[in-house]
Amino acid sequence: MKKVVKSVKKRFKKVTTSVRKHPLISIGATLFTLMLIGGLITLVLVSGDDGSSDDTSASAPTNGDKQDKSDKPRKLLKVAPPAPVRSGPGTLDVARREGRFAIAQARGRIKQPNGISVTVSAAPKQPVTVDYQLSCYSQNGKTGSTKVASKRYRTTPPESRNLPLPLLGADECTVSVSAQLTEGSGRIKVIVRAS
């Protein structure tokens, strides 16, 4: 640390002598010196605090004070739950959203699907844009085959629609459906069913 301070003093002397010769560079030299000193002070303060201080009086709330919420650990990521899985007919997933141009998203996996249907409803009644993607897999001998289908359609709910399977006799299909309000605020609901 002493070497750094000595080096700064030496440079400061050099700068001050050159400032006398060239007064126009004095502003830049002054700013540089201030930034250098500020950086050193910050470095000393940060490296000097190792967090092992036993003084808790400053951070402990008193009887009348509420504890600051920023002291609580925060969750950085919200992990999505796994996609629902269904082995027979029935409701696979239901999603609801509310707000301006709200989007409801439903998804899931169906084993040995015979069919998949999507039901959409909206309040107040308005046109809805529906996007879906179906990915089906079948194990045939040593190699398997996968086919993917995706489509967008527009409808005025309530409406129920059967989605064509891209691969008949599939062992498993993964479906993802999103429905969005197109005329503003309201509520939207999408249901995915296996048959």
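A short reminder: the numbers here are calculations on the coordinates, not readings from a lab. Here the structure is a predicted model, which means the values were calculated and not measured. Cβ atoms come from the backbone with ideal geometry, glycine included; neighbour counts cover every protein chain shown.
Extension gain, K111 to T143, is 9.7 nm, computed as 0.36 nm per intervening residue step minus the present C-alpha separation.
Phi angles across segment 152-160 convert, under the Karplus curve 6.51 cos²θ - 1.76 cosθ + 1.60 with θ = phi - 60°, into 3J(HN,Hα) values of 10, 9, 10, 8, 10, x, x, 8, 10 Hz, Gly and Pro given as x.
Amide H contacts of Q112: E172, C173, each under 5 Å away and 5 or more positions distant or on a separate chain (H built 1.01 Å from N in the peptide plane; Pro and chain starts excluded). The count of lysine pairs in segment 85-194 whose Cα atoms are under 27 Å apart, excluding pairs fewer than 8 places apart on the same chain, comes to 7.
Going by neighbour counts of Cβ atoms within 10 Å, the residues L168, L163, L92 line up, fewest first, as L168, L163, L92.
Please report the net charge: other residues with Cβ closer than 15 Å to the Cβ of N140, K and R +1, D and E -1. The answer is 0.
Other residues whose C-beta falls under 10 angstrom from the C-beta of D131 contribute a net charge of +2, scoring Lys and Arg +1 and Asp and Glu -1.
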